[in-house]
Amino acid sequence: MAVQNAARPPARERLLAAADELFYEEGVHTVGIDRVIEHAGVAKGSLYNTFGSKDELIHAYLEGRHERVAERITRALESYDTPRDRLLGVFESQGRSHAETGYRGCAFVRASAESHPGDRIEQAYGEYRAWVRSLFTRLAEEAGAPDPAGLARQLHLLYDGTAVSARMDHDPAASTAARAAAAALLDAALAGAPAGAAAATD
């Protein structure tokens, strides 16, 4: 019995795993805290001792989603050799996630539908969106775009739309069209770049 207890994940991990499954499947406010506690197999006091409130558990759940997306994309981009391929590789990585069993759309979009101005949900998805925008800005700059921030905004809109299409149209191939559109946006940006700036994509 002692060995079994020692091998059991800590309460924090079990709560986060339960929250990740239930919140993503059904909604962060639709799922009551008692269901999370029961699913995690912990005492009610464990949640409040660990997170303090349901709002903090929701924030931790979204932070975990953010970390996993960032890790997945960062790892995927390491396989590309050129700045151009890395930028377009974001959409390829996104497409692979959309094809996974159980994909139900962007967790941050889903949670945002249940948020209120200034709450912990808004803070969490704001941090995630800032990361996505900064990623596109950096990749656009490395690719030689003369206005990295402007191109990043366009790419971010495309990234958002791809996730919505994959979910609402049940179209995991939406990322293929998005990659082609991103390539066209990048080429158009580079066509207006100063001579030699496009060399970064070679």
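Nothing in this text is a laboratory measurement; each read-out follows from the coordinates by a stated rule. On a predicted model such as this, the values are computed, not experimentally measured, just so you know. Quick reminder, even Gly has a Cβ in these numbers, built from the backbone with ideal geometry, and neighbours come from all protein chains shown.
Cα-based Rg of the stretch 62-201 per 2.2 N^0.38 Å, rounded to two decimals?
Here the Cα radius of gyration is 1.06 times the empirical estimate.
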No solvent, one uniform scatterer per C-alpha: report log10 I(q)/I(0) for the stretch 1-52 via the Debye equation at q = 0.21 1/Å, two decimals. -0.72
By how many nm would the segment from residue 116 to residue 30 grow when fully extended, if each residue of separation counts as 0.36 nm and the alpha-carbon distance is taken off? 29.5 nm
Work out the FRET efficiency for residue 173 and residue 8 from their Cβ-Cβ distance, taking R0 = 41 Å, and round it to the nearest 0.05. 0.50
If you average the C-alpha positions of the stretch 163-184 and of the stretch 90-139 separately, how far apart do those two centres end up, in angstrom? 15
Identify the residues of the stretch 94-121 with backbone N under 19 Å of a label point that sits 7 angstrom from the Cα of residue 138 along the Cα-to-Cβ direction, or state none. 94
Spelling out what I want: for every residue of the stretch 103-110, take phi, set θ = phi - 60°, compute 6.51 cos²θ - 1.76 cosθ + 1.60 (Karplus), and round to whole Hz; glycine and proline get x. 5, 10, x, 5, 4, 6, 5, 4
What is the packing order of peptides 39-48, 141-150, taking the mean over residues of other C-beta atoms within 10 Å and listing the highest first? 141-150, 39-48
